[in-house]
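**Student:** Before anything else, here's the structure in question.
The values are calculated or read from the model by the stated rules, or taken from the named source; none is laboratory data. Small disclaimer: the values here were computed from a predicted structure and weren't measured. Every residue, glycine as well, gets a Cβ built from its backbone with ideal geometry; the counts of neighbours run over all protein chains shown. SASA here: full protein model, heavy atoms, side chains in, ligands and nucleic acids out. Shrake-Rupley method; radii C 1.70, N 1.55, O 1.52, S 1.80 Å.
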Amino acid sequence: MSLKSPLRRVTYLGSAKGGSGHWFAQRVSAVALVLLGLWLVVALATMGGASHANVVAWLSSPVAAAFAVLLVLVAAWHAVLGLQVVIEDYVGAKGQRLAVLIVVKFVFAVAAVIGVLSVLRIAFGVAA
């Protein structure tokens, strides 16, 4: 039997979960999204009223394609991180929470794969 108070037993132990790592990952992905979003807006704005063929030619360059793939992946990752917090906060039943988290992660994984394949299809000039 311990003579320590309940407060003393838990002092300095911190959280039992990885909340700080999740918080940091969400902030890093937000900064990356801002930078990649600015890149996309500036790149498209400098093209002005470019035709579809010009935009496809621009996206066919390796640098533009790489940044576009990064944008798709970071956006999906950031969305999953944000929705995970909302789901963990507002879905009460543990089994239901786990099911919703699995569905959300699966949907965003599929969306990210579709986005990456779409960019690569344009980048490599694969016809429909």
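**Student:** Want the number for ALA109 to ARG8: 0.36 nm per residue separation, take away the alpha-carbon distance, what's left?
**Tutor:** Computed gain between ALA109 and ARG8 is 32.0 nm.
**Student:** Right, another one. Suppose each label sits 7 Å from its Cα in the direction of the beta carbon; what would the MET47-ILE102 distance come out to in nanometres?
**Tutor:** Result for the modelled spin labels: 4.1 nm.
**Student:** Also: From the backbone phi of the range 108-118, what are the Karplus-calculated ³J(HN,Hα) couplings (6.51 cos²θ - 1.76 cosθ + 1.60, θ = phi - 60°) in whole Hz, Gly and Pro given as x?
**Tutor:** 6, 5, 5, 4, 5, 5, 4, x, 5, 5, 5
**Student:** Let me check against my output: what whole-number percent is the relative contact order of the chain, with C-alpha pairs under 8 Å and at least 6 apart?
**Tutor:** It rounds to 31 percent for the chain.
**Student:** Next question. In whole Hz and in residue order, list the ³J(HN,Hα) couplings for the range 49-54 that follow from phi through the Karplus curve 6.51 cos²θ - 1.76 cosθ + 1.60, θ = phi - 60°; x for Gly and Pro.
**Tutor:** Along the range 49-54, the couplings run x, 5, 6, 4, 5, 5 Hz.
**Student:** Applying 1/(1 + (r/R0)^6) with R0 = 35 Å to the Cβ-Cβ distance of ALA25 and ALA57, what FRET efficiency is obtained, to the nearest 0.05?
**Tutor:** In this case the efficiency is close to 0.50.
**Student:** Another one. Quick one: how many Å² of SER5 are accessible to a 1.4 Å probe, rounded to 10?
**Tutor:** 60 Å²
**Student:** Evaluate Rg over Rh across the range 2-125, taking Cα atoms for both radii and Kirkwood's formula for Rh.
**Tutor:** A ratio of 1.19.
**Student:** Something else about it: Using a 1.4 angstrom probe on heavy atoms only, work out the carbon and sulfur share of the accessible area of the chain in %.
**Tutor:** 74 percent
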